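**Q** The structure is given below, and queries will be raised subsequently.
Only the coordinates and a few stated rules stand behind these numbers; no lab work does. Just so it is clear, the model here is predicted, and its values are computed rather than measured. Cβ atoms come from the backbone with ideal geometry, glycine included; neighbour counts cover every protein chain shown.
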Amino acid sequence: MSKQKWEPKIVAFVCNWCTYAGADLAGTSRLKYPANTKIIRVMCSGGIDPVFILKAFERGADGVLVSGCHPNDCHYNAGNFHARRRWDLFHKLLDFVGIEKDRLQFSWISASEGKKFADVITKVTKDIIALGPFKTYQDMNAEFTTVFPEFAEAGNKEIAYEEEMTNG
Amino acid sequence: MKIGVFICHCGENISRTVDCPRVAHFAEGLPGVEYSIDYKYMCSDPGQKLIKDAIREHKLDAIVVGSCSPNMHERTFRNAAVSAGINPFLVEIANLREHCSWVHDDVEAATEKAIELVRMAIEKVKRDKPLTKIRVPVTKRVLVIGGGIAGIQAALDIANAGYEVVLVEREPSIGGHMSQLSETFPTLDCSQCILTPRMVEVYQHPKIKLLTYSEVVKVEGFIGNFKATIKKKARHINEDLCSGCGLCITKCPTKKKSYNSFEENLAFRPAVYVPFPQAVPNIPVIDETVCMYYKNGKCGMCVKVCDRGAIDFEQKDTMLVADIGAIIVATGYKLYNIEKATPESKYKGYGEYGYGKYRDVIDGLQFERIASASGPTAGEIKRPSDGKEPKKIVFIQCVGSRDPSKGISYCSKICCMYTAKQAMLYKHKVHDGEAYVFYMDIRAGGKMYDEFVRRAIEEDHVKYIRGRVSKIHEENGKYIVKGEDTIAGMPVEIDADMVVLATAMIPQDNAPKLAQTIGIPYDKHGFYNEAHPKLRPVESTTAGVFLAGACQSPKDIPESVAMASATASKAIILFASDTLEREPVVAKVNEDLCAGCFYCKKVCPFGAIEVRDIKDVNGIIYKEVAYINQGVCQGCGTCTATCLSKSIELAGFNNEEIFAEIAAL
Amino acid sequence: MSFKMEEKIISKDDLLKLCGDVIAKGHTLLAPGIAEYEQVKDVSQIRLDSSALPTKTSYKSYVFPKAEPILYYKRSKSDVQLIDVDVNGKKIVVLGAKPCDTNSINILKHLFNWDYEDEFFNLRQKHFVIIGLMCSSFDEYCFCTSVGSSPVSEEGSDLFLIPINEDKFALRIITEKGKEFIEPYSEFLKDGDEAKSNAVLESIKKPEVAFDSKQVHEWLGDNFENPKWEGIGNVCLSCAQCAFVCPVCHCFDLVDEDYSYSEGRRMKNWDGCQFGHFTLHASGHNPRDIQSKRYRQRVNHKFRYYVDKFGEILCTGCGRCSRGCPVSIDIKEIVSNCKD
Amino acid sequence: MDELRNYARELLEKEEVAAVIGYQQVTEKRTKPIVITDPAETSRLVFNEYCLNNLAVYLTKARIRSLMRTKDKTMKLAIVAKPCDVHSIVALIQENQIHRNDVHIISFNCHGVVKDFGCDFNGDNLAAKCIKCETHKPLYFDKIFGEEKQTPKAGDASLEKINELEKLNSKERFEFFKSEFDKCIKCYACRAVCPLCYCQRCITDKAIPRWIESSSHQRGNFSWNIVRAFHLSGRCTGCGECDRACPMDIPLSLINRRMAMEVKDLFSFVSGRSLETPTLVGNFDKKDSDEIFM
């Protein structure tokens, strides 16, 4: 699929109890936000490993959001406190090695903050668009890769399907 | 591995913005996908049948459903999968509604996102491992926190069902706010008359262990297996010896050093006291802060008069630990602090009404005490300032409530009713008096409630004025109440002898702290959150913790009692079987790889991680590794992220699964 | 090979001109820098110092890269598509290679053409031109003379340089490949005097022979369970520094790396026998579970197994592994102690 | 020196310890680690400005640990440790890798060591960690030798480098680190010498799932170095062994030091300085900064 315009790829690692539910609430409230962000659900923000963020960048993410319950409101009492310390350090480390601060953002979004979820996603998307594609990292990703010719099987089906749509 | 993909249109909820056939079609071309289809309502009976048939027909090993949030129908689809022979944990939901179709307008973008969400779910489901539910034993004992009417009702219901109850009350006596009330609406029966028998029943019930003057300081564990630590504050009276004769109280020379909080500070109490004559248990407490003995080591009058030798100045706080299966939180409410705003307070206060400055401007609970036959005035309506009978009295409703600028946006719900009741009581006792009520709206929804208010207006001639009071000031012993009659459209000025403010119910001061102790969420006001506003109103989001009464939101007595009985039945349902099924989303240590740094143990919020020694052939310890108690683990995964050697995996969300999701971005 | 060596003379300036031409032609020119063989961008970088100690690493990575893809794959619904990797067959000229490096590719050739012909290695080495430079100094870790080489060894070089004076080198054409390479530059060459340059070579002070490799070979065969290995095992920290800086260590690992949900590559990466998990079986059994066994393997592989299999010692005596060892384990000392 | 040797011999002879981990002289300006179980060998022990290795790394090695276990009891290990190496031992004790009672710390008043073997000991050749050292006397020990001497003065080049890097923009810093990490050959010498890298199986050695790509290509190297630095954040005691071990001269301790500075700024914590202070990892303060969270 060729895209005319570059669209940022953003991953959000969110906790099950607050931010995921907040995102659900944004949905039930029919709030609108950009479609660039895909959510990966974990049980608690305390369970998000910094390597997940590196993996996301390795898989071409232009930005990452990590979000959990507000301090004191963790479903597991303290997971987000441990997360907070971890992320503070990790963010500083990435900054030092030259990854722009806005590439990795953090928020506390409760289950009742559907609006905040939509706002945060909108903000993060805007920030990443302002930064542009994460070229530095993507250059590393591009090393030792190759472009495969369109796969016979999947590709043809895609085309066939489109024809079907246009004909019928 | 053969994967089936099922894309739901949710009527038009998803298909309006997501091209569902295209998503299903795309999925079909992905590695591992055997079968892919879209359908109008996947959660409907035919939809579920479609899934089950496909599983059987195509011999699917795992399925992905692109539908609404897993919080809605994950269980539905898991059950469908189970009935077709697939492990429920080999079902993944791609959230195409709440996280996609409902929040995006552009069909192209939403469809592409949906494709990616489905792809991520497919990659995850490939790595999912079949899991089986964990069974844990249940301790059939309930901890009820709060001995007001809600706590009392819950405790009695559970105890009468044959289960043990530990009832913890912070104050020296149970009874709560209800014991302070004079009469109750809409029947005007005496509050204490109906409450006291219940209190005594609690005290005498063989299944109820009553811990008054105690607080819950720590809660560990999980549903069916909590461990609660309760601090029993020192009464300085030996409960086993005290006969409740009250001689120490009458002889105590320190009579006027502290306000009587039960009387809402309208009277004093001695250094040794019972909160009120009908207190349960009828055992006094020595107030260390005012007792002469603690000041200078002298006095000891109580020791001299107590023929049972029950006075024990050396008594210390004690800690009790109880195994608990379920917790009912019934901590009740307090009233809005209507004085001026303080820097610490999130409320602005009502300085303009002169509460705290003018002694005859009182709040609702103070009026209850004045109107109560057992109160400081023995039920006669008298002004606190000079003891005179007020001939003109003004009630102001919605003080604090429904006023975001003062810090509270919600309706306190019971004030319309209790104001009508209080005005009525006043009229019954002061026949020649005039009663005015300033109100915003009258909210008298409830059986016989509106009739009750009409009675106050029509039979007892209470004068209702729709409007707000802007200011109260004192002039020649009268309180000039300036307000507005918004119906007549003119200013009103009343020279009242007494003013009663119907202040809002707010959560107890330490409500957030207790919530953090137990591990339950609360709203911005401090009221505890129910698990679902409609369908699970008496459960907290923490399994095994239930909510009764005004700690959840403002409530009147019948509602609190109903809620209490509901929580009791929840606890009894939990106790109906000897073991409890738990979700198998728990962490597990790979002992081979564990380096034994025990950072996991430090971060575990539930104390689920223990040290396990690995010994050599001679029985000498050569390695210490972490071991996770599966019954205690709640599956947050904080240990997995903290573990440096990545020797811990959280079932259902293991790292391989999450990496696969990331890879499918 | 029965190529007859030719002796020529080239001035330093002409040699640098030659290098300039090599770069201009787009070939890769490597020359010893401070830490490693650097890719020369500008001839002024070239030092041609025969008294320099060996660089920290050899030019092994140019013929056997630390990581390279060997194929690409893509999964579809029920199929896998494979794409071969095009090996970059660019000409690489190594200028001033140490005699302890020059023979490394020859030693490695055996392994990479033994049971399977490694086309990646072969293609790259085919395009290698090695211009050796006599070595005039050594330190406590050098032991080329003990493994059958010497600071003046021409083995493995296509061309060999011997500094005659400040700005002249004797240039020996050792191989056909060397001759082919130098032919276009014949204008720079004058006939040389073999006797004169031989005199230079002879005047060079060489490291003393520390051990007899034949005796070592024999001792190793008899002393598989010798307690001496234990002492080394206690100190060695199991990194692969020694293997990765070694010009002839060649172990590699094959890993499949996905770079998207359906696409990936098979990588060939350096691996080291001192890593604890090098021999870990899928069953959980690890035949070389402790460090002493792993170090024993390292010595045996170099001085016994490789000799048995290919007739060559898997060591050039460059001493890099000892120089860089974080805990100062000296292979010369250890091998010298391989006797009773 | 004799004091040290006699003391170590006595420890071994009286069977108070199972082994002594110490330094032996190799050449005039080079020492290397030695693990002594035979009292006679204690005559080889030395301590001087060329004792560069941080021997704390041996305390967690399975081979060394097996020396501690006899048929019926666990014996102590004695270790010769510079005051800075004691920091690593403290961190290991806090991370449950060895119990305080199981390690007998023989330490010295220290006035610095050289940056590399073969150098003369003076200000110019002072090891980077010694330039900023504040612990010339060990914080914990069971036996101490040596007199207090002045450390030569030297400029703090690594701090200057950190400051210089901080002045660059993100892109430039990224390019700097990328080119440095590019050199990495994944020999894992940095891991091998690090006393706090004691995991039985490092996450980079895990194949399912693959945490860090094992290939030493650009992103594999980047991931490895980032994860290495992060796993040591708040734990690294700044011994600088990684720098010394790296055959490719990647400035590894630069990142470690920078993170240690952050840790000190953010949490007022320095690793390995006190057995009583709770570790940074595994604990939290409700008052930790909320700054980065929206």
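**Q** Find out how many positive minus negative residues lie around D:Phe230, taking Lys and Arg as positive, Asp and Glu as negative, among other residues whose Cβ is under 11 Å from that of D:Phe230. Let's see the in-between values first.
**A** On the way: positive: A:Arg86, A:Lys92, D:Arg228, D:Arg235; negative: A:Asp49.
Net local charge, D:Phe230 excluded: +3.
**Q** To continue, here is another question. Would you compute, from DSSP H runs of 4+ residues alone, the mean residue ellipticity of chain A at 222 nm, taking -39500 (n - 2.57) per run and dividing by the full residue count, rounded to the nearest 500? It would help to have the intermediate numbers written out before the result.
**A** On the way: 6 runs with 79 residues, N = 168.
The per-residue figure over chain A is -15000 deg cm²/dmol.
**Q** Just flag the GluC sites (Glu not before Pro) in segment A:74-156 sitting in loop per DSSP whose Cβ has no more than 16 other Cβ atoms within 10 Å. Mind dumping the intermediate values first?
**A** On the way: sites: A:Glu100, A:Glu113, A:Glu143, A:Glu150, A:Glu153; in loops: A:Glu100, A:Glu113, A:Glu143, A:Glu150.
Listed in order of number, the matching sites are A:Glu143, A:Glu150.
**Q** At a threshold of 8 angstrom on Cα-Cα distance, excluding pairs fewer than six apart, so keeping six or more, what relative contact order does segment D:157-267 reach in percent? Working shown, then result.
**A** Details: 92 pairs, mean separation 32.6, N = 111.
It rounds to 29 percent for segment D:157-267.
**Q** So if a site counts as exposed when it's one of the chymotrypsin sites (Phe, Trp or Tyr not before Pro), its DSSP state isn't H, G, I, E or B, and it has at most 11 other Cβ atoms within 10 Å, what's the longest stretch of chain C without one? Could the numbers behind the result be given before it?
**A** On the way: sites that count: C:Trp114, C:Tyr116, C:Phe224.
Counting at most 11 other Cβ atoms within 10 Å as exposed, the longest clean stretch of chain C is C:225-340.
**Q** Here's something else I'd like to know. Fully extended, how many nm does the chain gain between D:Ala62 and D:Glu3 (0.36 nm per residue separation, minus their Cα-Cα distance)? Each step should come with its number before you reach the end.
**A** Details: separation 59, 0.36 × 59 = 21.24 nm, distance 2.96 nm.
Answer, rounded to one decimal: 18.3 nm.
**Q** C:Asn286 to A:Val147: FRET efficiency via 1/(1 + (r/R0)^6), r the Cβ-Cβ distance, R0 45 Å, to the nearest 0.05? Provide the component values of the computation, followed by the final result.
**A** Values: r = 40 Å, r/R0 = 0.90.
Approximately 0.65, to the nearest 0.05.
**Q** Only helical DSSP H runs with n ≥ 4 go in: add -39500 (n - 2.57) per run for chain B, normalise by residue count and round the 222 nm mean residue ellipticity to 500 deg cm²/dmol.
**A** The helix contribution divided over chain B gives -8000 deg cm²/dmol.
**Q** Report the relative contact order of segment C:213-336, percent, no decimals, based on alpha-carbon pairs under 8 angstrom and at least 6 residues apart.
**A** Values: 154 pairs, mean separation 35.8, N = 124.
Relative contact order for segment C:213-336 comes out at 29 percent.
**Q** Now for a separate question. When Cβ neighbours within 10 Å are restricted to other protein chains, what is their mean count per residue of peptide A:112-125?
**A** Taking all residues of A:112-125 together, the mean is 1.
**Q** Once you've got the Cα coordinates, tell me which of B:Lys2/B:Lys129; C:Lys228/C:Lys332; C:Lys293/D:Lys73; A:Lys123/B:Lys124; B:Lys233/B:Lys513 are over 20 Å apart. It would help to have the intermediate numbers written out before the result.
**A** Numbers: B:Lys2/B:Lys129 14 Å; C:Lys228/C:Lys332 15 Å; C:Lys293/D:Lys73 27 Å; A:Lys123/B:Lys124 28 Å; B:Lys233/B:Lys513 18 Å.
Table pairs above 20 Å Cα-Cα are C:Lys293/D:Lys73; A:Lys123/B:Lys124.
**Q** Give, in nm to one decimal, the length gained when the segment between B:His428 and B:Asp592 is fully stretched (0.36 nm per residue of separation minus the Cα-Cα distance). Don't skip to the end; give the middle numbers.
**A** Values: separation 164, 0.36 × 164 = 59.04 nm, distance 8.03 nm.
My answer for the length gained is 51.0 nm.
**Q** Sticking with this structure for a sec: Once you put a point 7 Å from the Cα of C:Lys309 and another 7 Å from the Cα of B:Lys255, both along the Cβ direction, what distance in nm separates them?
**A** Each label point lies 7 Å from its Cα, and together they span 10.6 nm.
**Q** Shifting gears a bit: Under a plain spin-label model, where a point goes 7 Å from the Cα along Cα-to-Cβ, how far apart in nm are C:Asp79 and D:Thr151?
**A** In this crude spin-label approximation the distance works out to 6.7 nm.
**Q** While we're here: Rounded to the nearest 0.05, what FRET efficiency do B:Met440 and D:Glu166 have when you use their Cβ-Cβ distance and R0 = 56 Å?
**A** On the way: r = 59 Å, r/R0 = 1.06.
Computed FRET efficiency for B:Met440 and D:Glu166 comes out at 0.40.
**Q** Then there is this: Rounded if a/c is under 1.5, else prolate if a/b beats b/c, else oblate: with a ≥ b ≥ c from the C-alpha gyration tensor eigenvalues square-rooted, which is the protein assembly as shown? Please report the intermediate quantities before stating the final value.
**A** Numbers: a/c = 2.71, a/b = 1.93, b/c = 1.40.
The shape class here is prolate.
**Q** Give me the net charge of B:Asp53's neighbourhood, meaning all other residues with Cβ under 13 Å from the Cβ of B:Asp53; Lys, Arg count +1, Asp, Glu -1. Before the final figure, lay out each step's value.
**A** Values: positive: B:Lys49, B:Lys52, B:Arg56, B:Lys59; negative: B:Asp45, B:Glu57.
Taking every other residue near B:Asp53 into account, the sum is +2.
**Q** If you average the alpha carbon positions of segment B:104-132 and of segment C:33-70, how far apart do those two centres end up, in angstrom?
**A** Rounded to whole Å, the Cα centres lie 48 Å apart.
**Q** Can you tell me the dipole magnitude for segment D:157-267 around its Cα centre, using point charges on the Cβ only (Lys, Arg +1; Asp, Glu -1), in Debye to the nearest 20?
**A** 380
**Q** Output the 0 to 90 degree angle, nearest 10, between the alpha-carbon long axis of helix B:107-127 and the longest principal axis computed from the alpha carbons of chain B.
**A** 80
**Q** Another question about this same structure. From the residues A:Ser112, B:Tyr39, B:His428, which one has its Cα farthest along the dipole of the protein assembly as shown in the positive direction, the dipole being from +1 and -1 charges on Cβ of Lys/Arg and Asp/Glu about the Cα centre?
**A** Of A:Ser112, B:Tyr39, B:His428, it is B:His428.
**Q** Can you pull out the GluC sites (Glu not before Pro) in segment B:326-415 that DSSP calls coil and that have at most 12 other Cβ atoms within 10 Å? Please report the intermediate quantities before stating the final value.
**A** Working: sites: B:Glu339, B:Glu344, B:Glu352, B:Glu368, B:Glu380; in loops: B:Glu339, B:Glu344, B:Glu380.
In loop regions of segment B:326-415 (DSSP not H, G, I, E or B), the sparsely surrounded GluC sites (Glu not before Pro) are B:Glu344.
**Q** Determine the dipole magnitude for segment B:252-303: charges of +1 sit on the beta-carbon of Lys and Arg, -1 on that of Asp and Glu, nothing else is charged, the reference point is the Cα centre, and the result goes in debye to the nearest 20.
**A** Working: 6 positive and 4 negative charges, 56 e Å.
It comes to approximately 280 debye.
**Q** Would you mind computing, in nm to one decimal, how far apart the modelled labels at C:Lys126 and B:Ala373 are, each placed 7 Å from Cα along Cα→Cβ?
**A** Going by the 7 Å Cα→Cβ label model, 11.4 nm.
**Q** Only four residue types carry charge here, +1 at the Cβ of Lys and Arg and -1 at the Cβ of Asp and Glu. Report the dipole size of the protein assembly as shown about the Cα centre in Debye, rounded to the nearest 20. Mind dumping the intermediate values first?
**A** On the way: 192 positive and 196 negative charges, 650 e Å.
Approximately 3120 debye in magnitude.
**Q** If you filter segment D:146-191 for GluC sites (Glu not before Pro), then keep DSSP loop positions with at most 12 other Cβ within 10 Å, what is left? Numbers along the way, then the final one.
**A** Working: sites: D:Glu147, D:Glu148, D:Glu160, D:Glu164, D:Glu166, D:Glu172, D:Glu175, D:Glu180; in loops: D:Glu147, D:Glu148.
When the GluC sites (Glu not before Pro) of segment D:146-191 are filtered for loop state and at most 12 Cβ neighbours within 10 Å, D:Glu147, D:Glu148 remain.
**Q** Can you tell me, using C-alpha contacts under 8 Å and at least 6 residues apart, the relative contact order of chain B as a whole percent? Numbers along the way, then the final one.
**A** Values: 1474 pairs, mean separation 85.3, N = 665.
Computed over chain B, the figure is 13 percent.
**Q** Now for a separate question. What longest range of chain C stays clear of loop-exposed GluC sites (Glu not before Pro) (DSSP non-H/G/I/E/B, at most 10 other C-beta within 10 angstrom)?
**A** On the way: sites that count: C:Glu117, C:Glu166, C:Glu208, C:Glu225.
The longest uninterrupted stretch comes out as C:1-116.
**Q** Round to a whole angstrom and tell me the spacing of the C-alpha centers of segment B:1-35 and segment B:407-461.
**A** Centre-to-centre distance over Cα atoms comes out at 60 Å.
**Q** For B:Glu314 and B:Tyr203 in the same chain, what is the full-extension length gain: residue separation times 0.36 nm, less their Cα-Cα distance, in nm? Spell out each step's value before the answer.
**A** Numbers: separation 111, 0.36 × 111 = 39.96 nm, distance 2.61 nm.
Length difference between fully extended and current span is 37.4 nm.
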